[in-house]
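Colleague: Dropping the structure in here first, questions after.
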Amino acid sequence: MFDVIVIGAGVSGCAIARQLSRYKASVCVLEKCEDVCEGTSKANSAIVHAGFDADEGSLMAKLNVRGNEMMDDLARDLDIPFKRNGSMVVCIHKEELDGLKTLYDRGVKNGVKGLKILSREEALEMEPNLSENVEGALFAPTGGIICPFELTIAMAENANVNGVDFRFNTRVEDIRKGEDGFWHLRTNNGEYVSKYVVNAAGVYADKIHNMVSADKMHIIERRGDYCLLDKQVGGYVSHTIFPQPTKYGKGVLVTPTVHGNLLVGPTAIDIENKEGTATTAEGIDALTAKASENVRNLPMRNVITSFAGLRAHLEKHEFVIEEVKDAPCFIDVAGIESPGLSASPAIGEMVGNMLRDKMNLTEKDNWIGTRKGITRTEGLSVEEMNALIKENPAYGTIVCRCESITEGEILDAIHRPLGARSLDGVKRRTRAGMGRCQAGFCSPRTMEILNRELGLSYEEITKSGGKSNIVIERTKGEV
Ligand SMILES: Cc1cc2nc3c(=O)[nH]c(=O)nc-3n(C[C@H](O)[C@H](O)[C@H](O)COP(=O)(O)OP(=O)(O)OC[C@H]3O[C@@H](n4cnc5c(N)ncnc54)[C@H](O)[C@@H]3O)c2cc1C
């Protein structure tokens, strides 16, 4: 029995959980996967959008701009990387220059600060690898880049330290209002009861909504394919380069990531498949062609991996954050497509305030608003490294060669609150396996550590929970 149950441990659910953890209330997050950040929050462009794209007056615009403003403090408090690298919307056809002015005006109305329309020369001076056809650009200095895994994980960890319960591998299968007036949630792990439910289930938010409401919701999964390029070419552009937006979204961008790679994508393909995250050759060809219109000689030979994410698109293209009319005490957080990552702190704030007012919640005296991230060895001097190794010799063993991740970092990832239990759990917390060889070298070594530290047999260790086991059976008996 909880005061509030949040369904979904994506960036929305974790932001809401963290906000609720300020109050004297029992809160539980139910997540069908084995870890946080397993849905759309793990596969996106990782841009903290400035906020000029969403329609004036929309909730999307309001929460985007507010979330963007909150990100500096949040990144500082949770010890996660965030960089305001600035974004540019590039125009390559003279007749489309008016479009930049429209975006500029919309941005100003949305409250975006510092917008500027650049001439061809100014744009090329700031980004020498832009297409020679560039006619002008809209520059937004408040645009930024963040690590979506670290943002989501850090908010979850902080919520957990403040008392929020997280139940993984727990899929909500049905919801009904009991005679006791509470919500009863049937899961594969038994029944949960709560006074309030928050539906933050990403592309599944329609399924969850439709369990309690006669007014049906339909989410369209809009797939976006990406290519991630090696750090060798991470500096090919320094700003996030967008084309002009279309009705399908913000278009194919080229951006540095906060960890120094180059990211190209996404496409926008409606697929009506909630698990359809396979990339396609056509998708990759399309994104390469589109991105090459704005950035010249893109170094696509340096691709190290490709992936796809699913936008939870609603026909009206707007965030739906409200109490469901025919289901009191049930809050939808649905249609959270882009800019959901940027808006997440503001989504947390909005839902937290909503529930605080409805439930008359009062603040805890002992809420901890900060969190210390994993000690990173990247960029440390030899002296600093030696001091760290002296303190803990595990920092002297490199496990992931591509990203130079040490055993000490992996141990920290496993043993901290809501620690990693799979290869991807370790990867998203430490970057071990994210480099050029894409975990070819470090997987067996990370498995050894998971085996030793968690007592998981090799057959039990998975890539990312569920049936993603790596070792199926032994061919040579015990060693
Ligand atoms: C291609 C693409 C590019 C994007 N780029 C950006 C960007 O650059 N900037 C930006 O701001 N936004 C971007 N977004 C949007 C952003 O990624 C999303 O808005 C955000 O990640 C949504 O988070 P969420 O928590 O609502 O959903 P999710 O991350 O999908 O989380 C939902 C969670 O609910 C769980 N769940 C579902 N059903 C159940 C159930 N029955 N029981 C228990 N748990 C359940 C899922 O397993 C999942 O973990 C992009 C999205 C895509 C797809």
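Colleague: Only residues in segment 373-396 that are not assigned by TED's automatic domain parsing to the domain that holds R431 count as the first member; pair them with residues that are in a helix (DSSP H, G or I) and aromatic (F, W, Y), Cβ under 7 angstrom, at least 6 apart or cross-chain, and list the lot.
Modeller: So the pair list comes out as T377/Y395.
Colleague: Conditions: (1) at positive phi; (2) in a strand (DSSP E or B). G114 meets all but one. Number of the miss?
Modeller: (2)
Colleague: Mind checking which strands (runs of 3 or more DSSP E) fall wholly inside segment 130-244 and carry at least 2 residues that are acidic (D, E) and over 23 Å from I347 (Cα atoms)?
Modeller: Details: elements: 136-140, 144-146, 165-167, 172-177, 183-187, 190-199, 220-229, 240-242.
Qualifying strands (runs of 3 or more DSSP E): 172-177.
Colleague: Considering only residues that are among the aliphatic types (A, V, I, L, M) and assigned to a loop (DSSP other than H, G, I, E, B), look in segment 396-446 and name the one that is surrounded by the most Cβ atoms within 10 Å (Cβ to Cβ).
Modeller: Kept after step one, since they are among the aliphatic types (A, V, I, L, M), are these residues of segment 396-446: 398-399, 405, 410-411, 413-414, 418, 420, 423, 426, 432, 434, 439.
With the extra rule that they be assigned to a loop (DSSP other than H, G, I, E, B), the set shrinks to 418, 420, 432, 434, 439.
Details: L418: 22, A420: 27, A432: 31, M434: 24, A439: 20.
In this case the residue turns out to be A432.
Colleague: Further question: Would you pick out the residues in segment 111-130 that are among the hydrophobic types (A, V, I, L, M, F, W, C) and within 20 Å of G51 (Cβ to Cβ)?
Modeller: Step one: filter segment 111-130 for residues among the hydrophobic types (A, V, I, L, M, F, W, C), giving 112, 115, 117-118, 123-124, 126, 130.
Answer for segment 111-130, where residues must be among the hydrophobic types (A, V, I, L, M, F, W, C) and within 20 Å of G51 (Cβ to Cβ): V112, L115, I117, L118.
Colleague: Still on this model: If a residue must be among the aromatic types (F, W, Y) and within 11 Å of the ligand (Cβ to nearest atom), how many such residues does segment 167-205 contain? Spell out how you get there, then give the answer.
Modeller: Taking segment 167-205 as the starting set, the residues that turn out to be among the aromatic types (F, W, Y) are 168, 182-183, 192, 196, 204.
Filter once more, keeping what is within 11 Å of the ligand (Cβ to nearest atom): 168, 192, 204.
Selection size over segment 167-205: 3.
Colleague: Another question, if that's okay. Among N85, N133, which is the only one that is in contact (Cβ under 8 Å) with a residue 24 or more places away in the chain, closer than 30 Å to T370 by Cα, surrounded by 14 or more Cβ atoms within 10 Å (Cβ to Cβ) and of a type outside the set (K, R)? Spell out how you get there, then give the answer.
Modeller: On the way: N133 fails: closer than 30 Å to T370 by Cα.
Exactly one residue qualifies, and that residue is N85.
Colleague: Still on this structure: Take V193 and tell me if it is modelled with pLDDT of 95 or more and either at positive phi or surrounded by 15 or more Cβ atoms within 10 Å (Cβ to Cβ) (or both). Give the derivation first.
Modeller: Details: modelled with pLDDT of 95 or more: yes; either at positive phi or surrounded by 15 or more Cβ atoms within 10 Å (Cβ to Cβ) (or both): no.
Criteria not met by V193.
Colleague: Here is a follow-up. Does segment 217-235 include one or more residues that are among the hydroxyl-bearing types (S, T, Y), crowded, with 19+ Cβ neighbours inside 10 Å and not assigned by TED's automatic domain parsing to the domain that holds G8?
Modeller: If we filter segment 217-235 for residues that are among the hydroxyl-bearing types (S, T, Y), which is where we start, we get 226.
Restricting the remaining residues to those that are crowded, with 19+ Cβ neighbours inside 10 Å gives 226.
Applying the additional criterion that residues be not assigned by TED's automatic domain parsing to the domain that holds G8 yields 226.
Among the residues of segment 217-235, at least one is among the hydroxyl-bearing types (S, T, Y), crowded, with 19+ Cβ neighbours inside 10 Å and not assigned by TED's automatic domain parsing to the domain that holds G8, which makes the answer yes.
Colleague: Can we say G379 is loosely packed, with under 14 Cβ neighbours inside 10 Å, over 17 Å from Q19 (Cβ atoms) and under 25 Å from the mean Cα position of the chain (by Cα)?
Modeller: Values: loosely packed, with under 14 Cβ neighbours inside 10 Å: yes; over 17 Å from Q19 (Cβ atoms): yes; under 25 Å from the mean Cα position of the chain (by Cα): yes.
Criteria met by G379.
Colleague: Does I117 satisfy the condition of being over 25 Å from the mean Cα position of the chain (by Cα) and over 19 Å from E293 (Cβ atoms)?
Modeller: Details: over 25 Å from the mean Cα position of the chain (by Cα): yes; over 19 Å from E293 (Cβ atoms): yes.
Taking the combined requirement at face value, the residue satisfies it.
Colleague: Scan segment 1-43 for residues that are surrounded by fewer than 24 Cβ atoms within 10 Å (Cβ to Cβ), part of a loop (DSSP other than H, G, I, E, B) and within 11 Å of the ligand (Cβ to nearest atom) and jot them down.
Modeller: Those that are surrounded by fewer than 24 Cβ atoms within 10 Å (Cβ to Cβ), part of a loop (DSSP other than H, G, I, E, B) and within 11 Å of the ligand (Cβ to nearest atom): K32, C33, E34, A43.
Colleague: Next question. For the subset of segment 44-60 comprising residues that are among the aliphatic types (A, V, I, L, M) and near the ligand (Cβ under 7 Å from one of its atoms), which member is surrounded by the most Cβ atoms within 10 Å (Cβ to Cβ)?
Modeller: That would be V48.
Colleague: Tell me yes or no: at least one residue of segment 250-263 is surrounded by fewer than 19 Cβ atoms within 10 Å (Cβ to Cβ), under 18 Å from the mean Cα position of the chain (by Cα), away from the ligand (no atom under 11 Å from the Cβ) and part of a loop (DSSP other than H, G, I, E, B). Walk me through it before giving the result.
Modeller: Start the filter on segment 250-263 by keeping residues that are surrounded by fewer than 19 Cβ atoms within 10 Å (Cβ to Cβ), which leaves 259-260.
Pick out the ones that are also under 18 Å from the mean Cα position of the chain (by Cα) and you get 259-260.
From what's left, away from the ligand (no atom under 11 Å from the Cβ): 259-260.
If we keep only those that are part of a loop (DSSP other than H, G, I, E, B) as well, we get 259-260.
Within segment 250-263, one or more residues are surrounded by fewer than 19 Cβ atoms within 10 Å (Cβ to Cβ), under 18 Å from the mean Cα position of the chain (by Cα), away from the ligand (no atom under 11 Å from the Cβ) and part of a loop (DSSP other than H, G, I, E, B).
Colleague: Being surrounded by fewer than 20 Cβ atoms within 10 Å (Cβ to Cβ) and either under 21 Å from G340 (Cβ atoms) or under 17 Å from the mean Cα position of the chain (by Cα) (or both) is the filter here; which residues of segment 197-216 pass it?
Modeller: K207, N210
The values are calculated or read from the model by the stated rules, or taken from the named source; none is laboratory data. Worth saying up front: this structure is predicted, and the values here are computed from it rather than measured. Every residue, glycine among them, receives a Cβ derived from its backbone with ideal geometry; neighbour counts consider all protein chains shown.
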